[in-house]
């Protein structure tokens, strides 16, 4: 088990969100999409220019920019 | 059945809300705007068991916070208009995430019915949902439906009627948000009760939650109506915030959100959702995405899709376009033979038929284009385009979601800047929004297309598709650079998050496509029918009056008589006489136009426009184009048919331009570029001013764009003249 930043996850890697350390608009936006502590996520794809990244969250696909993924800490096996 | 029952449809984007709305109301819908703001309000009606239902389609949202216009609109509608029933459409295979919004409806205490949409998709994936248990636990009816086919919709409406008929008002759900927040809330209650203006509208506990979430609207309302209590409440909120920050390092809103998800999980995890077999429901979608958003293949496929859209739009609509234009030519011939020469005939044939015919002739292209866009949008591909393009858009100071306004405005040529400007509402940062607003008019809208098609068809006919494609690329390039320029100068500021959903791929329904296409085409026709007709007549008058002076009119009359006498004495063939007479007539008409108000303005502008190779006749058309781009073609048509040797109206404008010595490929290119980038049409300017909240931005876009377009056109003409015309 290791704590890493969402930005550093590889494609097809799965992990559990531990913390979302951001408030304000970005924080709300992240949370209302289901990215809260305890949620399992899988990195699915990266855009052709490596940014943004597509994630599998609760049966849906979400996108996130790398600099936004920086706020999300993930525990990976 | 005495009064109508009002249902508000709400739900996450992509939950199938629009599909349900279309299924319920069919063609009986009406699109308007919420008063004061420009978020679209869709409304329709339907009949169920003899009861008339008014269905209001609320904007799709993920949450009920106050930080986007859509969410505020949805929330204010629920609070102020108090619909009899709120139907929350949720995606059955995405229940956990979609219930986040439903949970907030429960907290707000609105009469709720949950429509468990796309239950068939969930079943196919081996997911069964115990709707009854879910309903018991949530305390509201939960009805499984398939909005695409209409399965379960009757039961849904039965539930709606039952909820509407109950006397007891739905009580706000009591959620626990953890000891820190709960304690703060109970401390705040007496203070909140003092704010009776707020409690008249909202549940007490809900107000407390919103204050802790630092919700702009509620904080402001409290400060205005009950300043003393608001100060104390604010202090309390700050204390909790500080405490949470110091202990676990998060803000209250995060704690509240976590507990909402906790509540949802506790409800779902005790036997409501069972998975018969583990299957990735997005298996197919993922497979497609692996290819479609692939590093190398993705952009190639995207370019291919856009190019295919072009080919589809232009080649398949051709037959209809030709059919329509010959129809209007036929009317013109009829008018020509029925009416005597004079101002009335001139008004009808040169003003009205030429103007409106020119516009309506392009309806098929617009229909095909909107159909194509609707396919991309409904299938989910457009979101992938935003995903792939965000890196680039972000670089230019925009947002991946700016793709939509750009595409609607003509990013895939043939949109319209008016809905494009309106589509910027989904953008959350005011600065990115303004930058998008001001640059989308650079795209090739449906009204510019006919002009581009005409000029390209006339002067670059060998490579029509290629030039149209290049024109689109140029529009993108210029718009993006202009956006970057604006974001670096007048609109500096931080960027907004790109937290967005990629919906699973879906086969668009024919009904949905038809409604989309029709809506947008009808908007175009309405615009053409009202504004353009008026402007065509106005322009006809501008180009007809004051006309020739008496001296000159007499001079031409004298010339004509001389020619006739000469013909009699010389007993020459009739042909020669006709030729001379036509020549005189053309010169007369030309002088009349030169002398008209439009001509005078055009000639005055020629002093400046000559550096771009643009003559006064084109100037008049461009002037008209500020009123509406559709007018450019009809004005050129009017200008050339009034001042032309050939009275035959059926000869196309294209042939005339090709024959005109004032036109050549270099001039055409300069005019083309000028038309692509100069001042947006009046309707767009009005929309920009409205959306930006200030006329300053409307004026800015007119001046900025025209100056930019002029310098581009001058550059092209001067370089082109050096290279090719010597």
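Measuring nothing but alpha carbons in segment B:252-331 and taking Rh as the Kirkwood radius, the Rg to Rh ratio lands at 1.38.
Per-peptide packing, taken as the mean over residues of other Cβ atoms within 10 Å, places B:196-208, B:262-274 in the sequence B:196-208, B:262-274 from highest down.
Of the beta bridges in segment B:1-150, as assigned by DSSP with both residues counted there, near 40 percent are antiparallel. Among B:302, B:488, B:188, a tally of other beta-carbon atoms within 10 Å of each Cβ gives an order, fewest to most, of B:488, B:302, B:188.
Remark on segment B:5-165: Rg and Dmax equal 14.6, 47 Å (Cα only).
Taking 45 Å as R0, compute the FRET efficiency from the Cβ-Cβ separation of residue B:238 and residue B:133 and round it to 0.05.
With a Förster radius of 45 Å, E is 0.60.
Contact order, relative form, for chain B: 10 percent (alpha carbon pairs under 8 Å, 6 or more residues apart, mean separation divided by residue count). Of the beta bridges in the protein assembly as shown, as assigned by DSSP with both residues counted there, near 65 percent are antiparallel. For the pair residue B:225 and residue B:76, the difference between a 0.36 nm per residue extended length and the Cα-Cα distance amounts to 51.9 nm. Segment residue B:660..residue B:564, full-extension length gain: 31.7 nm, with 0.36 nm per residue of separation and the alpha-carbon distance subtracted.
From most to least packed by mean Cβ count within 10 Å, the peptides B:97-108, B:160-171, B:287-298 give B:97-108, B:287-298, B:160-171.
Let me make sure I get this right: for chain B, a, b and c are the square roots of the gyration tensor eigenvalues over alpha carbons, sorted descending. Under 1.5 in a/c it's rounded, otherwise prolate if a/b > b/c, else oblate. Which is it? Because a/c hits 1.5 or more and a/b exceeds b/c, chain B counts as prolate. Listed by Cβ neighbour count within 10 Å, with the fewest neighbours leading, B:691, B:235 appear as B:235, B:691. For chain B, the antiparallel share of DSSP beta bridges with both residues in that region comes to about 45%.
Legend: mean number of C-beta atoms from other chains within 10 angstrom of residue C-beta atoms, peptide B:382-394, equals 4.
Taking a ≥ b ≥ c as the square roots of the Cα gyration tensor eigenvalues, segment B:320-420 comes out prolate, since a/c reaches at least 1.5 and a/b is larger than b/c. Could you tell me whether the protein assembly as shown comes out rounded, prolate or oblate from its Cα gyration tensor? Rule is a ≥ b ≥ c as square roots of the eigenvalues, rounded for a/c under 1.5, then prolate if a/b exceeds b/c, otherwise oblate. Prolate, because a/c is 1.5 or more and a/b exceeds b/c.
Take the Cβ atoms of residue B:275 and residue B:165, set R0 to 25 Å, and the FRET efficiency comes out at 0.10. Against the empirical curve 2.2 N^0.38 Å, the C-alpha radius of gyration of segment A:2-76 lands at a ratio of 0.96.
With each label modelled as a point 7 angstrom along the Cα→C-beta vector, the residue B:183-residue B:490 pair spans 5.2 nm. Here the extension length gained between residue B:587 and residue B:335 equals 88.3 nm, from 0.36 nm per residue of separation less the Cα-Cα distance.
For the pair residue B:323 and residue B:307, label points projected 7 Å from Cα toward Cβ lie 3.0 nm apart. Label-to-label distance, residue A:10 versus residue B:707, with points set 7 angstrom from Cα along the beta-carbon direction: 5.4 nm.
Where a number appears in this text, it was derived from the coordinates with a stated rule and is not lab data. All values derive from a computational prediction rather than experimental measurement. With ideal geometry, Cβ positions are generated from the backbone for all residues, glycine too; neighbour counts draw on all protein chains shown.
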